[in-house]
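Take a look at the structure set out below.
Please treat every number below as a calculation from the coordinates, not as lab data. Note that the structure is a prediction, hence the values are computed from the model and not measured. Cβ sites come from the backbone with ideal geometry, for glycine too, and all protein chains shown count toward neighbours.
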Amino acid sequence: METRDMLRMANQIADFFKGYPREEARKEAATHLNNYWDPRMRKHLFEHLAKGGEGLDPLIIEAAAQIRKPKMDAA
Amino acid sequence: MTLITEIDYGTPKSKSTAMVTLEIDGHSITVPEGTSIMRAAMELGTQIPKLCATDNMASFGSCRLCLVEIEGRKGTPASCTTPVAPGIKVHTQTERLGKLRQGVMELYLSDHPIAGDSAMQDMADSVGLSHVRYGFEGENHVSPVRLDGEANPRFKEKDESNPYFTFDPAKCIVCSRCVRACEEVQGTFALTIDGRGFASHVSAGMDENFMESECVSCGACVQACPTGSLLEKSVIALGKPETSVITTCAYCGVGCSFKAEMKGDEVVRMVPWKDGGANEGHSCVKGRFAWGYASHKDRVTKPMVRDRITDPWKEVSWEEAIGFAARRFMEIQKKYGRGSIGGITSSRCTNEEVFAVQKMVRTAFHNNNVDTCARVCHSPTGYGLSKTFGTSAGTQDFKSVDECDVMLVIGANPTDAHPVFASRMKKRLREGAKLIILDPRRIDMVRSPHVVADFHLPLRPGTNVAVVNALSHVILTEGLEAKAYIAERCDPKEFARWTDFIRQPVNSPEAMESITGVSAAEVRAAARLYATGGNGAIYYGLGVTEHSQGSTMVMAMANLAMLTGNVGRNGVGVNPLRGQNNVQGSCDMGSFPHEYSGYRHVGDNSVREMFEQVWQTALDSEPGLRIPNMFDAAVEGTFKGLYVQGEDIAQSDPNTNHVTHALEALECVVVQDLFLNETAAFAHVFFPGTSFLEKDGTFTNAERRINRVRQVKAPMQGKDEWQVVCELSQAMGYDMHYNSASEIMDEIARVTPTFAGVSFEKLDRLGSVQWPCNDKAPEGTPLMHVGGFVRGLGRFMITEFVPTTERTNRFFPLILTTGRILSQYNVGAQTRRTQNVAWHAEDVLEIHPHDAEVRGIRNGQMVSISSRVGATTLRALISERMAQGVVYTTFHHPVSGANVITTENSDWATNCPEYKVTAVQVTLSNQQSDWQKDWEIREDENKRIAVKPLVAAE
């Protein structure tokens, strides 16, 4: 996946949950990513975060701690 | 097997609860008040002769055959128009009545070329008429030439213009059944009786032929005709059918029941089944007539393989093809990991076939990379309704619309995409229900005969959420909400914070007017109507879901319905109109990468352990790839093998260039289909599939109705599709085996709580059931959320309007939105291979006159449509249906390349593509686009089948 596509998708999720109180929004965004993103997509997200997370919505950066780290053999 | 003949009671059933007792021919009978004497007699088993009466239309009283005598009353009233009354004594057969009927029938036959198999002959026999005293010497409509040798001005040639049926005016008795069917059943009003007296005749449109008139070829008139004047050409060609099988249409999500009427193993005609819960005897041009594709010469019936997609296809045995696919998939997994392959299920396949494919992916592929074509249509429906109501499905049955007072139709074009349900909607609208339409395009329901929308809000594409939020804002700020309903049935905390959100001035119609393009006053008036007009029902289609805020919009509509108390009883609800026949079923069957059947997450340990126990294998707890993610992973290089069941992703999915790059990057693509479709051009294995006439199983329609699909004829390629899936699983090391489709349904029922009470035996006994069907509801659940929401308390969700990033600019100043047309279906693989092309031979670009004029475009000229991802060329159709700044096309023909233009933008929650908003430029063109030239080359090169060398006869 192109990084720009990953960023677009992650930031769209952030846009929706921003309507909720911050803590709840972080939790909901993380739950959404855990429930619907294949491990290699989450891996891509974590790799991008490791490089500083440029272009990622701050809500996703804050939610990262609650996002499940994928087992790397899953793909 | 015999030919199934339904009982015709002559007039519709009365809805009255008051009962009336009368006597007919000495027998006492009690029937609802308002029942006709004809119907009451039929309920006793007495068939009164009739020609103009039939029980799906109001009585008319024109043929005068159904006369009866009533003791104490004068004359011989028509039994179809005379209602029962307490204590009356009716005689249906007396000497006087017999003579009157013979006289009437003789007059009919004096101007009719009696045909041996028509109802006319039956009626002549019924009234005991053996001889007609009058020839055709006098005035008549039968002979082309008069006795004096002059042409007979009353004679009209047969109208053969419709590809599926003939109209022979000579056989017409002007009983008006066809005219009434067109009005009352179909609601098109294409037919009328023109002229007076003996010159009266049935006229299509302005006395045109059927094809030139407004006729939509639904077949209702043909079905209604008692004389054979209107008759299917297939019956004329093949003769009278001898047997019939009840089955389910394979087109849209209405899921109409049909009698497949056969002669041997050849289908003579498809006749809508009166007891079909979804259609109750009505049909459209696709289901009624467009079934010829099943035996089209393009059907591939032999398995085929090839090493490279540029090689010609090689026909092989099933064993070789299945072994080839298994070997390739296993090699790929060994090289790239178990997550490197996956499968796509189809909404054109049965529940049992879909269940088998998703099970194969989870058990034999050992991952959850299974998705379904609902991804690109209604996946936001599942997400949005699940979050707000607690279940991923529509709330009502179709019949519910009969009690609706205000219809809110959003992003749907029912007369084209769900025509049989549209007829039902129009009937209710003619009875006085109000209509609000939210659509950028002026769809037919905005104004059609006897139907005029009270409000048409022609919003800018991409602003659905803004408009629906504004509707809620008005209702709440004007105090029109259903306070008691909300207090009783909805989560108070969620409602309170949603209230804070929706009350904000930014959500008012006035604030949104410049964004949506819809007059604030109109939005306010529409909101008041929906909130106060009685039962309010929302019907919606892909104009809701196929947006970057598709899921948000579904939740916004659910909020609106809860706000007004419009969920949980007849006449209301939030109703998705599903595109394909088994969209609901394919979703129910667990073909999403994160869910097992019944919408239970793969990460739920207790659910997964249950499946592990039943399927006797370890299952992956991580969600798999969704279809767009599969394409991305293929381009990236981590996804290498794909099994595609009955879908044509190369034509139907957005950003065609991206899709084809992804398919080209795959090392093994297996396509299971009827035809070498667009995706097959990129495939290595082709498994020939079965048409709906060859399937045994079930489809689940948009109202959660599980209907039987019965095998009308044996599979042309020798195997059921689920059997092929089982054999592929076995070849990959997982022992999947079933003896029948019924056994698969039994397993679905065992592992899926909402299907726990479903079996083929029950479906055959009851006709159909709507899930949930289990111990709590053994005969199914027509209405959802009665008395409370499935999730407990209804949840208002905050639905902030977030504009799409797809914006117009000076390079791409117009917005393209896509849709469907009545005569064609989805990618057109089926309907293009029928005579439906007579109505739609090519996709065209609809453009507003102003947009055309400033570009120098005239009607019918070829134009180039380009977006930031691609370009194609289509013929322009100048139309005021579109607002200025918006253009529209369909995607039924592959060469059109409509999806070459659409982009990778998708719904935030589900990745459902944003087909409905693409910024484009339109310019005059005199040549095909580069993509179209490439397509033509690929069409020749990638679909070649190697010719087997001839072996000399010994």
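With only Lys, Arg, Asp and Glu charged, each at its Cβ (+1 for the first two, -1 for the last two), find how big the charge dipole of the protein assembly as shown is about the Cα centre; round to the nearest 20 debye.
1120
With the convex hull drawn over the C-alpha atoms of region B:386-576, the volume per residue is 105 Å³. Relative to the longest principal axis of the Cα atoms of chain B, the long axis of helix B:605-615 lies at roughly 70 degrees.
Taking only the C-alpha atoms of chain B, the Rg (one decimal) and the largest Cα-Cα distance, Dmax (whole number), read 29.2, 92 Å. Modelled label positions at B:GLU664 and B:ASP940, each set 7 Å beyond Cα in the direction of Cβ, lie 1.9 nm from each other. In the frame of its principal axes, region B:594-720 has Cα extents of 42, 39, 30 Å, reported largest first. Here the 3J(HN,Hα) profile of region B:220-229, calculated from phi with Karplus coefficients 6.51, -1.76 and 1.60 at θ = phi - 60°, is 4, 5, 5, 5, 7, 4, x, 10, x, 5 Hz, Gly and Pro shown as x.
A quarter of the convex hull surface defined by the alpha-carbon atoms of region B:19-126 gives 6.9 nm² as the mean projection.
The smallest convex shape that holds all Cα atoms of region A:3-66, its convex hull, gives 71 Å³ per residue. Inter-label distance, B:SER126 to B:LYS158: 2.5 nm, where each label sits 7 Å from its Cα along the C-beta direction. A simple rule links phi to the HN-Hα coupling: the Karplus curve 6.51 cos²θ - 1.76 cosθ + 1.60 with θ = phi - 60°, which for region B:732-741 gives 9, x, 10, 7, 9, 8, 9, 8, 7, 5 Hz, with x for Gly and Pro.
Computed from Cα positions, the angle between helix B:419-430 and the longest principal axis of chain B comes to roughly 60 degrees. With the dipole of the protein assembly as shown worked out from charges on the C-beta (+1 for Lys and Arg, -1 for Asp and Glu) around the Cα centre, which of B:GLY411, B:TRP291, B:GLN932 lies farthest toward the positive end? Towards the positive end, the residue furthest out is B:GLY411.
Can you tell me how much longer the chain between B:ASP275 and B:TRP839 gets when fully stretched, taken as 0.36 nm per residue apart minus their C-alpha distance, in nm with one decimal?
On the way: separation 564, 0.36 × 564 = 203.04 nm, distance 2.99 nm.
Computed gain between B:ASP275 and B:TRP839 is 200.1 nm.
For region B:274-406, the calculated P(r) over all alpha carbon pairs, in 5 Å bins from 0 to the bin holding the longest distance, is 2, 7, 9, 12, 17, 16, 11, 9, 8, 5, 2, 1, 0 percent. Toward the positive end of the charge dipole of the protein assembly as shown, about the Cα centre and with charges on Cβ (Lys, Arg +1; Asp, Glu -1), which of B:ALA170, B:HIS450, B:VAL685 goes farthest? Positive-end residue among those listed: B:HIS450.
Full extension of the chain between B:ALA487 and B:ARG73 gives 143.2 nm of extra length, using 0.36 nm per residue less the Cα-Cα distance.
Over chain B, DSSP H runs of length four or greater, each weighted -39,500 (n - 2.57), average out per residue to a 222 nm ellipticity of -8000 deg cm²/dmol. Taking amide H atoms as placed 1.01 Å from N in the peptide plane, the amide H of B:VAL644 lies under 5 Å from those of B:ILE344, B:VAL670, B:VAL671, B:GLN672, each 5 or more residues away in sequence or on another chain.
What does the charge dipole of region B:165-295 about its Cα centre add up to, to the nearest 20 debye, if the Cβ of each Lys and Arg holds +1 and the Cβ of each Asp and Glu holds -1?
Working: 12 positive and 15 negative charges, 53 e Å.
Computed about the Cα centre, the dipole is about 260 debye.
Cα-Cα pairs above 17 Å in region B:345-398: how many percent? Mind dumping the intermediate values first?
Values: 749 of 1431 pairs.
More than 17 Å apart: 52 percent of the Cα pairs in region B:345-398.
What helices in chain A pass both tests, a Cα length along the helix axis of 15 Å or more and a mean Kyte hydropathy of -0.5 or higher, using whole DSSP H runs? Before the final figure, lay out each step's value.
Working: long enough: A:3-17 (21 Å, -0.16); A:22-36 (21 Å, -1.76); A:39-50 (16 Å, -0.86).
Correct list, ordered by number: A:3-17.
Can you sort B:LEU814, B:LEU728 by how many other beta carbons sit within 10 Å, fewest first?
Working: B:LEU814 21, B:LEU728 28.
Ranked by crowding around the Cβ, least crowded first: B:LEU814, B:LEU728.
To check you understand DSSP bridge types, tell me what percent of the beta bridges within region B:829-954 (both residues inside) are antiparallel, rounded to 5. Mind dumping the intermediate values first?
Values: 11 of 15 bridges.
Among the beta bridges of region B:829-954, antiparallel pairing accounts for roughly 75 percent.
Loop-located GluC sites (Glu not before Pro) in region A:1-38 (DSSP state other than H, G, I, E, B) with a sparse environment of at most 15 neighbouring Cβ atoms within 10 Å: A:GLU2.
Taking the radius of gyration and the Kirkwood hydrodynamic radius from Cα positions alone, what is the Rg/Rh ratio for region B:700-763, to two decimal places? Could the numbers behind the result be given before it?
Numbers: Rg = 13.7 Å, Rh = 13.5 Å.
Checking Rg against Rh, the ratio lands at 1.01.
Using the beta-carbon distance between B:LYS99 and B:GLU266 and R0 = 35 Å, what value does 1/(1 + (r/R0)^6) give for FRET efficiency, to the nearest 0.05? Efficiency for this residue pair is about 0.20. Positive-end ranking of B:ALA364, B:PRO380, A:GLY55 along the dipole of the protein assembly as shown, with charges on Cβ about the Cα centre, is headed by A:GLY55.
Could you sort the peptides B:82-95, B:794-807, B:338-351 by per-residue average Cβ neighbour count (10 Å cutoff), highest mean leading?
Details: B:82-95: 16.4, B:794-807: 20.4, B:338-351: 27.4.
The densest-packed peptide leads the list: B:338-351, B:794-807, B:82-95.
Helix B:379-388 axis versus longest C-alpha principal axis of chain B: approximately 90°, rounded to the nearest ten.
Taking the Cβ-Cβ separation of B:ALA237 and B:ASP930 as r and a Förster radius of 35 Å, what is the calculated FRET efficiency to the nearest 0.05?
Efficiency for this residue pair is about 0.20.
Charges only on Cβ, +1 for Lys and Arg, -1 for Asp and Glu: so what's the dipole of chain B about the Cα centre, in debye to the nearest 20? It would help to have the intermediate numbers written out before the result.
On the way: 97 positive and 114 negative charges, 232 e Å.
Here the size comes out at about 1120 debye.
Give the lysines reachable from B:LYS158 as a straight Cα distance under 16 Å; neighbours fewer than 8 places away on the same chain don't count. Result set, ordered by chain and number: B:LYS171, B:LYS233.
Report the residues of region B:95-113 in range of a label on B:ARG133: point 7 Å along Cα→C-beta, backbone N strictly under 18 Å from it. Counting only backbone N, you get B:96-112.
Two numbers describe the Cα atoms of region B:668-798: Rg and Dmax, which are 18.4, 53 Å.
Out of every Cα pair in region B:814-941, what percent are spaced more than 22 Å from each other?
On the way: 2930 of 8128 pairs.
When all Cα pairs of region B:814-941 are counted, 36 percent exceed 22 Å.
Can you give the % of DSSP beta bridges in chain B that are antiparallel, to the nearest 5? List each step's numbers first, then the result.
Numbers: 65 of 111 bridges.
Beta bridges within chain B, antiparallel portion: roughly 60 percent.
With the simple spin-label model, which puts each label point 7 Å out from Cα in the Cβ direction, the A:ALA50 to B:TRP615 separation comes to 3.1 nm. Counting only DSSP beta bridges whose two residues both lie in region B:583-724, roughly 45 percent are antiparallel. Students often get this wrong: which residues of region B:793-824 have the backbone nitrogen under 14 Å from the point 7 angstrom along Cα-to-C-beta of B:GLU880? The answer is none. The loop-placed trypsin sites (Lys or Arg not before Pro) in region B:476-578, going by DSSP, that have at most 16 neighbouring Cβ atoms within 10 Å of their Cβ come out as B:ARG503. Give me log10 I(q)/I(0) at q = 0.19, 0.23 Å⁻¹ for region B:154-272, Debye formula, one equal scatterer per alpha-carbon, no solvent. Result of the Debye calculation: -1.06, -1.38. Every pair of different Cα atoms in the protein assembly as shown enters the Kirkwood calculation, which places the hydrodynamic radius at 30.4 Å.
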